[in-house]
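To start, the structure itself, in structure tokens.
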Amino acid sequence: MRGYVVADVFTDVPLQGNQVAVFGDAEGLSAELMQRAARELNLSETVFVLPADADCDAHIRIFTPALELPFAGHPVLGTAFVLGERSGAETVRLQTGSGIVAISLTRRDNDGVITYGEMRQPLPTWKPFARAAEVLTALRVHRSELPVEVYDNGVRHTYVRLADEQAVAALEPNLGALGQLGAVGVSCFAANGTTVKTRMFGPGLGVAEDAATGSAAGPLAVHLARHGVTSFGDRIEIRQGAEIARPSILSARAEGTADRLEAVTVGGAAVVVARGTFRVD
């Protein structure tokens, strides 16, 4: 039996945001068993915490129901809340498949409860998405207001800008066709200044529609700044998950320039909603 915690991430309201299960002691579990446990839980991601093997607090492995990811946003943030609650630390450093990610934690003065966390994400690379026409067809939309590009920070996401929030909310994509694109998330968004509404479809990642996608939030901040919708250094607020009854709020910022990207940060709240044990070995 192994203990685990379920946290709702990118929200401070229980039963909203994006769920993540965190197994706090996964030492000795095989990758095959981790994958089976993630499939059993059937959350968008499940995290397995292992002893640190670098200058960090823990080594984590992240699994969707379908595959292992080297990096993902809400699992990293949720794990930092869980480990920070245990240790009382102000910063948690996690070894991921994309390198060490540091998460700064903000606590209430009166009781030390963690209220906010902000991670410094791996810097993404980007290029035009070769299958842009297929994406638009699968989404059942005619065009993107910005170039359809794919970003990679350990997870690949491609971005489609629609005219307004109503167009994003009305999407009824062909998930089977999106799944044929492979292991890539498709983020559809509408931006009004620094306020952004987004939906992320990832059937090729094992997630039909995600409630809050931290790994897509950082590159989205870069995408908007590169194309002049916002400025580098602006903090954007991303709202996601309403269409699947899991409203979420994410904060993201890209610093530097398009030629010299210096930092990408993503933050939000999280709340623990369950604790228990699970028979995985």
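The values are calculated or read from the model by the stated rules, or taken from the named source; none is laboratory data. Just so we're clear, the structure is a prediction, and the values are computed from it rather than from any experiment. Every residue, glycine among them, receives a Cβ derived from its backbone with ideal geometry; neighbour counts consider all protein chains shown. Keep in mind that these areas ignore ligands, DNA and RNA; they rest on the heavy atoms of the full protein, side chains included. Shrake-Rupley method; radii C 1.70, N 1.55, O 1.52, S 1.80 Å.
Name the single residue that is farthest from the chain's Cα centre (by Cα) among those in the stretch 237-271 being farther than 18 Å from Ser104 by Cα and aliphatic (A, V, I, L, M).
Initial filter on the stretch 237-271 (farther than 18 Å from Ser104 by Cα): 237-248, 256-261.
When the remaining residues are screened for being aliphatic (A, V, I, L, M), the result is 238, 242, 244-245, 258, 261.
Working: Ile238: 12, Ala242: 16, Ile244: 16, Ala245: 17, Ala258: 22, Leu261: 20 Å.
Ranking the candidates gives Ala258 first.
Please find, among Ala258, Ala245, Ala274, the residue that is free of Cβ contacts under 8 Å to residues at least 12 places away in the same chain, open to solvent by 30 Å² or more (accessible area, probe 1.4 Å) and of a type in the set (A, V, I, L, M). Give the steps one after another, and end with the answer.
Numbers: Ala258 fails: free of Cβ contacts under 8 Å to residues at least 12 places away in the same chain; Ala274 fails: free of Cβ contacts under 8 Å to residues at least 12 places away in the same chain.
Selected residue: Ala245, the only one of Ala258, Ala245, Ala274 that is free of Cβ contacts under 8 Å to residues at least 12 places away in the same chain, open to solvent by 30 Å² or more (accessible area, probe 1.4 Å) and of a type in the set (A, V, I, L, M).
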Residue match in the stretch 46-64 (condition: touching a strand residue (DSSP E or B) at 6+ places or on another chain (Cβ under 6 Å), open to solvent by less than 40 Å² (accessible area, probe 1.4 Å), aromatic (Phe, Trp, Tyr) and modelled with pLDDT under 95): no
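Counting only residues that are under 17 Å from the mean Cα position of the chain (by Cα), give me the strands (runs of 3 or more DSSP E) lying completely in the stretch 32-133 with at least 2 of them.
Values: elements: 45-50, 58-63, 91-96, 99-107, 114-120, 125-128.
Here the list reads 45-50, 58-63, 91-96, 99-107, 114-120.
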Of all residues making up the stretch 202-225, the number that are without any contact (Cβ under 8 Å) to a residue 60 or more places away in the chain and either assigned to a loop (DSSP other than H, G, I, E, B) or not small (Gly, Ala, Ser) (or both): 3
Boolean, Glu90 is acidic (Asp, Glu) and within 19 Å of Leu205 (Cβ to Cβ): no
Sole exception among (1) more than 16 Å from Val186 (Cα to Cα); (2) in contact with a Phe, Trp or Tyr (Cβ under 7 Å, 6 or more places away or on another chain); (3) open to solvent by 20 Å² or more (accessible area, probe 1.4 Å); (4) not charged (D, E, K, R) for Gly117, by number: (3)
Condition broken by Ile100, with the remaining ones in (1) open to solvent by 30 Å² or more (accessible area, probe 1.4 Å); (2) more than 30 Å from Leu146 (Cβ to Cβ); (3) of a type outside the set (Asp, Glu); (4) free of Cβ contacts under 8 Å to residues at least 40 places away in the same chain satisfied: (4)
Filtered residue count, the stretch 22-60, keeping only those that are of a type in the set (Gly, Ala, Ser) and either touching a Pro at 6+ places or on another chain (Cβ under 7 Å) or without any contact (Cβ under 8 Å) to a residue 40 or more places away in the chain (or both): 5
Residues of the stretch 195-208 that turn out to be open to solvent by less than 20 Å² (accessible area, probe 1.4 Å) and of a type in the set (D, E, K, R), as a count: 1
Checking Gln19 against (1) open to solvent by less than 60 Å² (accessible area, probe 1.4 Å); (2) farther than 18 Å from Arg279 by Cβ; (3) not in a loop (DSSP other than H, G, I, E, B), the condition it does not meet: (1)
Single residue of the stretch 231-242 satisfying the filter (surrounded by fewer than 16 Cβ atoms within 10 Å (Cβ to Cβ), touching a strand residue (DSSP E or B) at 6+ places or on another chain (Cβ under 7 Å) and not basic (Lys, Arg)) that is nearest to Ala80 (Cα to Cα): Glu237
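May I ask you to verify whether Val13 is modelled with pLDDT of 95 or more, surrounded by fewer than 20 Cβ atoms within 10 Å (Cβ to Cβ), over 27 Å from Val184 (Cα atoms) and among the aliphatic types (A, V, I, L, M)? Write out each step before concluding.
On the way: modelled with pLDDT of 95 or more: yes; surrounded by fewer than 20 Cβ atoms within 10 Å (Cβ to Cβ): yes; over 27 Å from Val184 (Cα atoms): yes; among the aliphatic types (A, V, I, L, M): yes.
Spelling it out, Val13 is indeed modelled with pLDDT of 95 or more, surrounded by fewer than 20 Cβ atoms within 10 Å (Cβ to Cβ), over 27 Å from Val184 (Cα atoms) and among the aliphatic types (A, V, I, L, M).
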Residues (open to solvent by less than 50 Å² (accessible area, probe 1.4 Å) and more than 19 Å from the chain's Cα centre (by Cα)) located in the stretch 152-167: Leu162, Ala167
The stretch 134-151, subset in contact (Cβ under 8 Å) with a residue 40 or more places away in the chain and not in a loop (DSSP other than H, G, I, E, B), residue farthest from Glu172 (Cα to Cα): Tyr151
Qualifying positions in the stretch 168-194 - surrounded by 20 or more Cβ atoms within 10 Å (Cβ to Cβ) and not hydrophobic (A, V, I, L, M, F, W, C): Pro173, Gly185, Ser187
